[in-house]
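Participant: For reference, the structure I am asking about is given below.
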Amino acid sequence: MLRRASMLLACRPILAARARPFSTDLPAAPSADATFTEAWTKVIPNMDPPKTPLSFMQPRPPTPSSIPSKLTVNFVLPYASELATKEVDMVIVPATTGQMGILPGHVATIAELKPGVLSVHEGSEMTKYFVSSGFVFIHANSFADIIAVEAVPLDRLDVNLVQKGLAEFTSKLSSATTDLEKAEAQIGIDVHSALNSALTG
Amino acid sequence: MAMAALRREGRRFAPLISPRPITAVRSSPIVPTHEYEGPIGVRYISTQVVRNRMKSVKNIQKITKAMKMVAASKLRAVQTKAENSRGLWQPFTALLGDLPSVDVKKNVVVTISSDKGLCGGINSTSVKISKGIYKLNSGPEKETKYVILGEKAKAQLIRDSKKDIELIITELQKNPLSYTQVSVLADEILKNVEYDALRIVFNKFHSVVSFVPTVSTVLSPEIVERESESGGKLGELDSYEVEGGETKGEILQNLAEFQFSCVMFNAVLENACSEQGARMSAMDSSSRNAGDMLDRLTLTYNRTRQASITTELIEIISGASALEG
């Protein structure tokens, strides 16, 4: 009797998982790459062709004729999606060429990010994050994709640790011998001074 | 094995007639009982062999059930990570599109597999797909190389494609998967392997019972330039302004490397999820099989036991009636 009860308990989670698909998975868009599937079925007729990422993505809306009122932002990190298709007014990103403001109707751009503060403006509220680095893609249909490696809200940063890190990396730079060490120390200095200015400024 | 055990115990093997027709249909290795002549001419039917088998099958059932629980808990841990990392590759596909049918000279197939076994057929599927892509992209002046992650794919691919393997990486899951680890890995691969197109083969996790083999393509910056100039799917790439950096090529290079590490991260997580899910279902079916086998063995055991009791009774009664009459 105990065995049957434990079997039931074991079976139930599997059934539940089968019935409920992944909640964060996007519905499969039917557009698969036709040339690939054709070429595959010609060469390897016995196997089903593998799926490609295109079939797991929702297609983006085309460029509208008039400038939309809101910017749609996707802010993703490797371990979380901070903002997913959120409609905001403006986003300011720390590009390598300086702080860049993105409004709806911005020209299509690919920009690399440097360590700095990213702020999202929605109505009257503003959320600030410190991003380590990454890329931002601005598409013509007022969609902005920000991909960062690490991003933290500013209140999670500790001033003392930042100062300590800055001092540590400055001393490392002065004592560095090889180019690699110099580059690493320089990167550390860049990040920490950006953190410093983010916290003070 | 049963014969050796019998010989060791010095018993003569004589098959019983009654249970044999039933069990012979099932599986031949079951040797239910054996008779032997005792010293006074009394016949015993020993259930020792069946009992030993039952004990070992029960142990197997316990082990596979435990493995299933372990896989379920590991799955829960990796599943959240994989779910969260799904947003990572979408911006790249939205920008650069997905061109698995691109025609390039140097292809690199990155096959992601598991280190441990007992996880069903997912590793064989990945290897078959990798070999299929190799075949698809074979032609004059074209070459395809393999980069293998995981022991299982290494074992399968080393047999016939040894000369095409560039890099083998194992023990990926020794420490919990993190983006830093995967980006270092991606860096290694990009440094050591020349590529025009990288095709990452992995099993995408849909649910505990469904894993879809998927191939993601990452193109090198030169090929991206070539495709965008020739129009077609990447034609709009030219319309994108490129901020910062000295040249567009530099930014595209960084972009390609970043894309590769992001796609790899997601692929490795999804494959880990698929591995745990496949192991769960493999162990589940294994424990169910063991349970079925145990039921059949129990029936045989009881039948043998009852037959021996009946034989004893018959002998006693016939002996008694011989004395009387």
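The values are calculated or read from the model by the stated rules, or taken from the named source; none is laboratory data. Note that the structure is a prediction, hence the values are computed from the model and not measured. Cβ: placed from backbone, ideal geometry, glycine included. Neighbour counts: every protein chain shown.
Participant: Would you check if B:LYS152 is charged (D, E, K, R), in a helix (DSSP H, G or I) and in contact with an Asp or Glu (Cβ under 8 Å, 6 or more places away or on another chain)? Outline the logic, then answer.
Facilitator: Details: charged (D, E, K, R): yes; in a helix (DSSP H, G or I): yes; in contact with an Asp or Glu (Cβ under 8 Å, 6 or more places away or on another chain): yes.
Here the answer is yes, as B:LYS152 does meet what is asked.
Participant: Return the residues of segment B:283-313 that are at pLDDT below 95 and either under 30 Å from B:TRP89 (Cα atoms) or of a type in the set (Val, Ile, Thr) (or both); say none if nothing qualifies.
Facilitator: B:THR300, B:THR304, B:ILE309, B:THR310, B:THR311
Participant: Quick test for you: out of B:LEU269, B:LEU234, B:LEU198, pick the one residue that is crowded, with 24+ Cβ neighbours inside 10 Å, over 25 Å from A:SER81 (Cα atoms) and among the aliphatic types (A, V, I, L, M).
Facilitator: Details: B:LEU269 fails: over 25 Å from A:SER81 (Cα atoms); B:LEU234 fails: crowded, with 24+ Cβ neighbours inside 10 Å.
Being crowded, with 24+ Cβ neighbours inside 10 Å, over 25 Å from A:SER81 (Cα atoms) and among the aliphatic types (A, V, I, L, M) holds for just one of B:LEU269, B:LEU234, B:LEU198, which is B:LEU198.
Participant: Return yes when B:VAL215 is at the interface with chain A (Cβ under 7 Å from one of its Cβ atoms), within 30 Å of B:LYS74 (Cβ to Cβ) and either in contact (Cβ under 8 Å) with a residue 60 or more places away in the chain or in a loop (DSSP other than H, G, I, E, B) (or both) and no when it is not. Before the answer, list the steps.
Facilitator: Numbers: at the interface with chain A (Cβ under 7 Å from one of its Cβ atoms): yes; within 30 Å of B:LYS74 (Cβ to Cβ): yes; either in contact (Cβ under 8 Å) with a residue 60 or more places away in the chain or in a loop (DSSP other than H, G, I, E, B) (or both): yes.
Criteria met by B:VAL215.
Participant: Of everything in segment B:78-129 that's of a type in the set (S, T, N, Q) and part of a loop (DSSP other than H, G, I, E, B), which residue is nearest to the other protein chains (Cβ to nearest Cβ)? Step through it out loud before you land on a result.
Facilitator: Taking segment B:78-129 and keeping what is of a type in the set (S, T, N, Q), we get B:79-80, B:84-85, B:90, B:93, B:101, B:107, B:111, B:113-114, B:123-126.
From what's left, part of a loop (DSSP other than H, G, I, E, B): B:101, B:113-114.
Details: B:SER101: 4, B:SER113: 14, B:SER114: 18 Å.
Going through the qualifying residues, I end up with B:SER101.
Here's the yes/no breakdown for (1) modelled with pLDDT under 85; (2) more than 19 Å from the chain's Cα centre (by Cα); (3) within 14 Å of chain B (Cβ to nearest Cβ):
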| position | (1), (2), (3) |
| --- | --- |
| A:PHE143 | no, no, yes |
| A:ALA148 | no, no, yes |
| A:PRO153 | no, no, no |
| A:VAL162 | no, yes, no |
| A:ALA167 | no, yes, no |
| A:THR177 | no, yes, no |
| A:LYS182 | no, yes, no |
| A:ALA185 | no, yes, no |
| A:ILE189 | no, yes, no |
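Participant: Surrounded by fewer than 17 Cβ atoms within 10 Å (Cβ to Cβ), of a type in the set (Lys, Arg) and either within 13 Å of chain A (Cβ to nearest Cβ) or under 26 Å from A:SER142 (Cβ atoms) (or both): which single residue out of B:ARG305, B:ARG288 fits that description? Steps first, answer last, please.
Facilitator: On the way: B:ARG305 fails: either within 13 Å of chain A (Cβ to nearest Cβ) or under 26 Å from A:SER142 (Cβ atoms) (or both).
Just a single option satisfies the conditions, and that option is B:ARG288.
Participant: Now a separate question. Could you say which residue among A:LYS172, A:LYS114 is in contact with a strand residue (DSSP E or B) (Cβ under 9 Å, 6 or more places away or on another chain), of a type in the set (D, E, K, R) and surrounded by 13 or more Cβ atoms within 10 Å (Cβ to Cβ)?
Facilitator: Details: A:LYS172 fails: in contact with a strand residue (DSSP E or B) (Cβ under 9 Å, 6 or more places away or on another chain).
That would be A:LYS114, the only listed residue that is in contact with a strand residue (DSSP E or B) (Cβ under 9 Å, 6 or more places away or on another chain), of a type in the set (D, E, K, R) and surrounded by 13 or more Cβ atoms within 10 Å (Cβ to Cβ).
Participant: Follow-up question, since we're still on this one. Out of everything in segment B:75-112 that is among the hydroxyl-bearing types (Ser, Thr, Tyr) and buried (at least 22 other Cβ atoms within 10 Å of the Cβ), what residue ends up being modelled with the lowest pLDDT?
Facilitator: We begin by selecting, within segment B:75-112, every residue among the hydroxyl-bearing types (Ser, Thr, Tyr); these are B:80, B:85, B:93, B:101, B:111.
Add one more test, that the residue is buried (at least 22 other Cβ atoms within 10 Å of the Cβ), and what stays is B:85, B:111.
Values: B:SER85: 89, B:THR111: 94.
Only one residue fits best here, namely B:SER85.
Participant: When the residues of segment A:50-99 are narrowed to those that are among the acidic types (Asp, Glu) and without any contact (Cβ under 8 Å) to a residue 60 or more places away in the chain, which ends up nearest to the other protein chains (Cβ to nearest Cβ)? Lay out the reasoning, then the answer.
Facilitator: Filtering segment A:50-99 down to residues among the acidic types (Asp, Glu) leaves A:82, A:87, A:89.
From what's left, without any contact (Cβ under 8 Å) to a residue 60 or more places away in the chain: A:87, A:89.
Details: A:GLU87: 17, A:ASP89: 21 Å.
Per the criteria, the residue is A:GLU87.
Participant: Right, next: Return the residue satisfying two criteria in turn: it lies in segment B:243-258 and is under 29 Å from B:SER114 (Cα atoms) and more than 9 Å from every other protein chain (Cβ to nearest Cβ), and of such residues it is surrounded by the fewest Cβ atoms within 10 Å (Cβ to Cβ).
Facilitator: B:GLU257
Per-residue answers, yes or no, for (1) surrounded by 20 or more Cβ atoms within 10 Å (Cβ to Cβ); (2) touching a strand residue (DSSP E or B) at 6+ places or on another chain (Cβ under 9 Å); (3) modelled with pLDDT of 85 or more:
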| site | (1), (2), (3) |
| --- | --- |
| A:PHE56 | yes, yes, no |
| A:PRO62 | no, no, no |
| A:VAL91 | yes, yes, yes |
| A:VAL120 | yes, yes, yes |
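Participant: Limited to segment A:33-78, what total is found for residues that are more than 30 Å from A:PRO94 (Cα to Cα), in a strand (DSSP E or B) and touching a helix residue (DSSP H, G or I) at 6+ places or on another chain (Cβ under 9 Å)?
Facilitator: Residues in segment A:33-78 being more than 30 Å from A:PRO94 (Cα to Cα), in a strand (DSSP E or B) and touching a helix residue (DSSP H, G or I) at 6+ places or on another chain (Cβ under 9 Å): 0 in total.
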